[in-house]
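Peer 1: What follows is a structure written as structure tokens; I'll ask about it next.
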Amino acid sequence: MSANDTPQQSATYDSAFLRACRREPVPHTPVWFMRQAGRSLPEYLKVREGVPMLESCTRPELVTEITLQPVRRHGVDAAIYFSDIVVPLKAIGIDLDIKPGVGPVVEKPIRTRADLARLRDLTPEDVWYVTEAIGLLTRELGATPLIGFAGAPFTLASYLVEGGPSRTYENAKAMMYGDPELWADLLDRLADITTTFLKVQIEAGASAVQLFDSWAGALAPADYRHSVMPASAKVFEAVAGYGVPRIHFGVGTGELLGLMGEAGADVVGVDWRVPLDEAVRRVGPGKALQGNLDPTILFTTPEAVEAKTDEVLAAAAGLEGHIFNLGHGVMPATDPDALTRLTEYVHTRTAR
């Protein structure tokens, strides 16, 4: 533990989740699900009714309730703070919104050096509601760890430069290849914003943090190493002194797993495309792994879910540390009972 530990972090230190992050023996394989806060839960839809996504992220009591819902219902081993990766960008005045069925949409994309001036530093006061919500949450959660999170510089840059979601990232890659100095400055500024956002969460009581580089799978390894990894590494290094586990996750990143670990993560998240026994070979020693059941499996029968879960657990048998998760986020149409059954199954199957 670090001198910077909050009472919440001390209370959660011996939890199964944090022990797995540290690659220590656990009473059972810990379970949590990306996008477990909300998404498929009817109680989430009820409390969110009529409240826009970004507004819901700024209401501490609502954030607290949504974050706690899957912990109460599923019995997962960690809570994930309810927010969105674009919250810090909105907080510094970027004109964006999350449009249902589309995702984050930026009114004026970042395309020139002059546009960088719009990316001012983030301050704790800009996201006061995060500090307040985490204070409420940690009192409720007790010994259950809270995971803070942020979007990685590349994924944030991809939204800012494209103006919204993209399948090809042609504008972002055009900047990366055609104006590498502007690209580096953009990612460096986003690294600072992301660092502040994570520090706010850790200092308020988050027991671990996850950096989502959701779209890094669009990159070749050489491009990731040269043009993206330095900014992510800056974020991980900046929060290293807090002593909380740092998780790194991306989608379609099978070719990048080693580099993502090299960037500074303690835990590397693996999507469903790479078996965990192969993932550990790519990542190398000294890292725990998180994952990696295909989220679509939850739409089939309980027997098929258990069979696929057994495959994941078998592939994880030789790992130094394993946190069970999906290979991406919970899909909105997922039956919540399937998640509850899955959590219980993993706990029972892996009880030491």
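Peer 1: Which of the trypsin sites (Lys or Arg not before Pro) found in region 65-94 are in a DSSP loop and have at most 10 neighbouring Cβ atoms, other than their own, within 10 Å? Write out the running numbers ahead of the final one.
Peer 2: Numbers: sites: Arg72, Arg73, Lys90; in loops: none.
Sites meeting the loop and neighbour criteria: none at all.
Peer 1: Further, regarding this structure: Using only the alpha carbons of the chain, determine the length spanned along each of the three principal axes and report them from longest to shortest in whole angstroms.
Peer 2: Cα spread of the chain along its principal axes, largest to smallest: 57, 44, 42 Å.
Peer 1: Answer with one residue from Gly101, Val86, Gly148: the one whose Cα lies farthest towards the positive end of the charge dipole of region 71-153, charges on Cβ with Lys, Arg +1 and Asp, Glu -1.
Peer 2: The Cα lying farthest towards the positive end belongs to Gly101.
Peer 1: Within region 177-194, list the residues whose amide N lies under 19 Å from a label point set 7 Å along Cα→Cβ of Thr123.
Peer 2: Residues passing the 19 Å test: 190, 192-194.
Peer 1: Still on this structure: Report the FRET efficiency, 1/(1 + (r/R0)^6), for Glu49 and Ala222, where r is their Cβ-Cβ distance and R0 is 56 Å, rounded to 0.05.
Peer 2: 0.75
Peer 1: How large is Rg over Rh for region 189-281, taking Rg from the Cα atoms and Rh as the Kirkwood inverse mean of 1/r across Cα pairs?
Peer 2: On the way: Rg = 13.0 Å, Rh = 13.5 Å.
Here the Rg-to-Rh quotient is 0.97.
Peer 1: Could you check the spin-label model distance between Glu344 and Thr301? Points 7 Å from the Cα along Cα→Cβ, value in nm.
Peer 2: 1.9 nm
Peer 1: Right, next: Taking 1 over the mean of 1/r across every pair of different Cα atoms in region 185-343, what Kirkwood radius in Å do you get? Please list the in-between numbers first.
Peer 2: Values: mean 1/r = 0.0609 Å⁻¹.
After inverting the pairwise mean of 1/r, the radius is 16.4 Å.
Peer 1: Ok, one more. How much mean residue ellipticity at 222 nm does the chain get from its helices, if each DSSP H run of length 4 or more adds -39500 (n - 2.57) and you divide by all residues, to the nearest 500 deg cm²/dmol?
Peer 2: Rounded to the nearest 500, the figure is -13000 deg cm²/dmol.
Peer 1: Along the three principal axes, how long is region 1-86 when you take its alpha carbons, biggest first, rounded to the nearest angstrom?
Peer 2: 44, 28, 21
Peer 1: Add +1 for every Lys or Arg and -1 for every Asp or Glu among the other residues with Cβ under 13 Å from the Cβ of Gly329, and state the total.
Peer 2: Taking every other residue near Gly329 into account, the sum is -1.
Peer 1: Which whole number of Å³ per residue matches the convex hull of the alpha-carbon atoms in region 242-296?
Peer 2: Working: hull volume 4.1 nm³, N = 55.
About 75 Å³ per residue, rounded to a whole number.
Peer 1: Can I ask one more? Place a +1 charge on the Cβ of each Lys and Arg in the chain and a -1 charge on the Cβ of each Asp and Glu, then give the dipole magnitude about the Cα centre in debye, rounded to the nearest 20.
Peer 2: Charge dipole, the chain, about its Cα centre: 160 debye, nearest 20.
Peer 1: Now, a different point. Considering the options Val268, Val209, Leu257, tell which one lies farthest towards the positive end of the dipole of region 175-314, charges being +1 on Lys and Arg and -1 on Asp and Glu at the Cβ, about the Cα centre.
Peer 2: Going by the charge dipole, the pick is Val209.
Peer 1: Diagonalise the Cα gyration tensor of region 263-349 and give the resulting equivalent ellipsoid semi-axes, square root of 5 times each eigenvalue, largest first, whole Å. List each step's numbers first, then the result.
Peer 2: On the way: eigenvalues 108, 35, 23 Å².
So the equivalent ellipsoid measures 23, 13, 11 Å along its semi-axes.
Peer 1: Mind checking the log10 I(q)/I(0) for region 146-213 at q = 0.22, 0.28 Å⁻¹? Debye, one equal scatterer per Cα, no solvent, two decimals.
Peer 2: One equal scatterer on each Cα of region 146-213 leads to -0.87, -1.15.
Peer 1: Also, quick follow-up: Between Asp337 and Ala114, what FRET efficiency follows from the Cβ-Cβ distance if R0 is 51 Å, with the result rounded to 0.05? Mind dumping the intermediate values first?
Peer 2: Values: r = 52 Å, r/R0 = 1.02.
Using R0 = 51 Å, I get an efficiency of 0.45.
Peer 1: Beyond 18 Å, what share of the Cα-Cα pairs of region 39-121 remains, rounded to the nearest whole percent?
Peer 2: Percentage above 18 Å: 51.
Peer 1: A further question follows. For the pair Asp188 and Asp294, how long in nm is the line joining their label points, each one 7 Å along Cα→Cβ?
Peer 2: 4.3 nm
None of the figures in this text is laboratory data; all of them are computed from the coordinates on show. As the structure is a computational prediction, the values presented were derived from the model and not from experiment. FYI the Cβ positions are ideal-geometry reconstructions off the backbone, even for glycines, and counts take in every protein chain you see.
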